[in-house]
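What follows is a set of notes on a single structure, which appears directly below.
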Amino acid sequence: MDLIAWIGRLVFFLMVLWLALENTATVPLRLSSSVQWQNVPLLAVILVCFVAGVFAGTLALMPRMIRLRRQLARPTRSEAATQQANELALTRAARQGGAAGDLELETRGRRR
């Protein structure tokens, strides 16, 4: 499985390298009527657009990621009920046998 992942990474790297080598021409870039550049490498434009897309996608996913992390951090009702049942079972087991059970009987005897 690791071999397939490395082959995929190699193919992706070679495709990006090929794209970079094929797009060495310069293009005019106009952001508005007053802001423009005449000789910008096409690869730089492609790279900036890619980074902007990754950033926008990350920002779009942030609320969902935060919500899911909060959901994982808080215990569910079934987990809380299971923990409470386990504590009750341990308490009962300690009272029924061992030193805790004997101590409880001695304490009850003294009160009467």
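Only the coordinates and a few stated rules stand behind these numbers; no lab work does. Note that this is a predicted model, so its numbers are computed, not measured. Quick reminder, even Gly has a Cβ in these numbers, built from the backbone with ideal geometry, and neighbours come from all protein chains shown.
General remarks:
- Sum of side-chain charges, LEU61 neighbourhood, beta-carbon under 13 Å (Lys, Arg +1; Asp, Glu -1): +3
- Built amide H within the under 5 Å cut-off of VAL40, gap 5+: VAL27, LEU29
- The simple spin-label model puts a point 7 Å past each Cα toward its Cβ; for ALA73 and ALA25 those points are separated by 5.2 nm.
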